[in-house]
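Engineer: Starting off with a structure, shown below.
The values are calculated or read from the model by the stated rules, or taken from the named source; none is laboratory data. Since we're looking at a predicted model, the values are computed, not measured. Ideal geometry is used to build each Cβ from the backbone, glycine not excepted, and the neighbour counts take in all protein chains shown.
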Amino acid sequence: MTKYASDHTTSKRYRLRGVCRVGSIPLWEFLVRIVVLYFAVMFALRIMGKREIGQLSVFDFVVSVMLAELSTLPMEDTKVSLPQSLIPIASLVLLQLAVALLQLKSHRFRHWVDGEPSVLIEHGAIKDSEMKKMHYTMHDLLTQLREKGFSNAADVEFAILETSGELSVFPKPDAAPVTPRDMNIRGSGATIPLPLVVDGNPVAKTLLSLNKDRQWIENELRRRGYPSLENVFYAAIDSAGTIVVDPKDPSHSTPSSKAELSSKQP
């Protein structure tokens, strides 16, 4: 009976040890691999530069796919050590940086890697030879023209297929929308509002650039009927000095706004 209990305890202990393992490694080591590989891939993508998915070149896309494959390999095959999986990732990043540097230095090399833009429409005429060369169908062209706001290819002066796959469209003068310049209207340049308060906390960088302090923004908000920063979800100031406030409670109405409404009423 004692021997049976001992064997049962031993087998149970081995079963528990087996549950806490993933393949040939302990569970905690598997979790460490996930964390390390996650940050390694994030660091690699950060080094590669900020680009949208649609702006990736063929080479960048290949590198991204290979990074994904290399990062999953040590999790699929636990016999592969973590350093063995990080070395090819680092090598791939160095290769990408070397190719990017060569693209900056050599136009010929950049042309070989990324290709050149293709003119699909020239002076309103569709170039069939370029479309066949790019394996671009008429359906693809009309779809992208509609996405750009053109229902008729005859209204397009030039349509250029960029190396990223994006279609750049230049309308004919008589089909282009009217701009303020056409009407001899001069406008001021666009400016980006600077955040003063974000989620109830003052933005120190903005206040420093304005040579202001926390007391100033609190006084400005009190004048607008917000007794505390905690009542404000977002506040920003534009180039004209106008402060726009977005309260945390949408139903919040400031005393100043109530006074303005009452003064307008007969």
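Engineer: Could you grab me the full set of residues in segment 124-147 that are out of contact with any helix residue (DSSP H, G or I) (no Cβ under 8 Å at 6 or more places or on another chain) and either exposed (fewer than 13 other Cβ atoms within 10 Å of the Cβ) or over 30 Å from D60 (Cα atoms) (or both)?
Structural biologist: Result: A125, D128, S129, K132, K133, H135, H139, T143, R146, E147.
Engineer: Here's something else I'd like to know. Of all residues in segment 204-232 being farther than 12 Å from V245 by Cα and among the aliphatic types (A, V, I, L, M), which is surrounded by the most Cβ atoms within 10 Å (Cβ to Cβ)?
Structural biologist: My answer is L207.
Engineer: Looking only at segment 111-123, decide whether some residue is part of a strand (DSSP E or B), small (G, A, S) and over 30 Å from S71 (Cβ atoms).
Structural biologist: For segment 111-123, residues part of a strand (DSSP E or B), small (G, A, S) and over 30 Å from S71 (Cβ atoms): present.
Engineer: While we're here: Take segment 155-200 and flag every residue that is modelled with pLDDT under 85 and either in contact with a Phe, Trp or Tyr (Cβ under 9 Å, 6 or more places away or on another chain) or outside any loop (DSSP other than H, G, I, E, B) (or both).
Structural biologist: P173, D174, A175, A176
Engineer: Here's a follow-up. Tell me whether segment 99-108 contains one or more residues that are aliphatic (A, V, I, L, M), in contact with a helix residue (DSSP H, G or I) (Cβ under 7 Å, 6 or more places away or on another chain), part of a helix (DSSP H, G or I) and at negative phi.
Structural biologist: Scanning segment 99-108, I find at least one residue that is aliphatic (A, V, I, L, M), in contact with a helix residue (DSSP H, G or I) (Cβ under 7 Å, 6 or more places away or on another chain), part of a helix (DSSP H, G or I) and at negative phi, so the answer is yes.
Engineer: Test L104 against the stated conditions and say whether it is under 27 Å from the mean Cα position of the chain (by Cα) and over 27 Å from A44 (Cβ atoms).
Structural biologist: The answer is no for L104.
Engineer: Residues in segment 59-85 that are assigned to a helix (DSSP H, G or I) and either free of Cβ contacts under 8 Å to residues at least 24 places away in the same chain or surrounded by 18 or more Cβ atoms within 10 Å (Cβ to Cβ) (or both): how many?
Structural biologist: Counting residues in segment 59-85 that are assigned to a helix (DSSP H, G or I) and either free of Cβ contacts under 8 Å to residues at least 24 places away in the same chain or surrounded by 18 or more Cβ atoms within 10 Å (Cβ to Cβ) (or both) gives 17.
Engineer: Evaluate segment 164-179: report whether one residue or more is of a type in the set (F, W, Y) and surrounded by 14 or more Cβ atoms within 10 Å (Cβ to Cβ).
Structural biologist: Scanning segment 164-179, I find no residue that is of a type in the set (F, W, Y) and surrounded by 14 or more Cβ atoms within 10 Å (Cβ to Cβ), so the answer is no.
Engineer: Something else: Restricting to segment 86-125, give me the number of residues that are hydroxyl-bearing (S, T, Y) and either out of contact with any Leu (no Cβ under 6 Å at 6 or more places or on another chain) or touching a residue at least 60 places away in the same chain (Cβ under 8 Å) (or both).
Structural biologist: The total comes to 2.
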